[in-house]
Structures are given as structure tokens and as C-alpha cells.
Amino acid sequence: MVRNLRFLKIHVYTSLIDYSVKSGNYNNYLTVPAAIGELEKIEMICRSDGIYRMSHSVTAREKIILEAFDIDEEHVKREVCEIQEKLKRSNEESKNDSSMSDNNA
């Protein structure tokens, strides 16, 4: 487990360093801990209508960090839509399962 985490950290570190050198962007948020902290801010929340959405737009800083991994804002939005669909199907399935068990009782 520790070996896998070390490998992941090295991969993230290398991607951030390569991006910094390539772009000439040496900001403080392009370190592994800072980048992870920034990317953790990208989150989905359940709104009052029961649909999960991103809590806010991807910030400029988050876009720069994502760019280091060849990910753009459109990719993030596509992933969010995919997660929304999976959650919607899961919620519908759980409602169907609970209504079936109510009918069988």
C-alpha cells in the first residue's frame, strides 16, 4: 500500500514539475500537497431538487493544476454528467427495490 502511494506521489510530482518547466509557471500551488488541496475543492453537492451538481465552477488555479495532467474543464464537466447519471440510476433502483419490498410485505 505504501509503495502504491509513493508511486502515485512521484507521478503527481513529476507531472507538476514537467508542467512547471514547460509552461514557466512556478506557483506555490504546483506542489503535491497544495495541488491535492486545491483539487479537493472540486466537489459535487446534492441540491434541493435531488440532483448532484458541482458546488462551483472550476477555478483558474484548478484549471492550471488539471492542465498539468492533460485534463481540461470540459473533461471535468463530462465526468460530472456521468456521475450524475450513475447516481440517478442508483437512486431509481433503490426506490424500485424499496417499493418492491413494500409490495411483498
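A short reminder: the numbers here are calculations on the coordinates, not readings from a lab. What you see is a predicted model, and the numbers here were worked out from it, not measured in a lab. Heads up, the Cβs are rebuilt from the backbone with ideal geometry, glycines too, and the neighbour counts pull from every protein chain shown.
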key: Extension gain from Ile10 to Gln84, taking 0.36 nm per residue of separation minus the Cα-Cα distance   = 23.5 nm
ask   = What FRET efficiency comes out for the pair Ile45/Ser94, r = Cβ-Cβ distance, R0 = 25 Å, nearest 0.05?
value = 0.80
query = Which of the lysines could a cross-linker span from Lys9 if the Cα-Cα distance has to be under 30 Å and same-chain partners fewer than 8 positions apart are dropped?
reply = Lys22, Lys41, Lys63, Lys77, Lys86
request  = Match the structure shown to one of the listed values (1) 14, 43, 32, 11, 1; (2) 13, 46, 32, 8, 0; (3) 13, 32, 26, 16, 9, 3, 1 of P(r) over Cα pairs in 10 Å bins from 0, in percent, computed from it, and give that label.
outcome  = (3)
query = All other residues with a Cβ under 13 Å from the Cβ of Ile83 taken together, and with Lys, Arg as +1 and Asp, Glu as -1, what is their net charge?
reply = +2
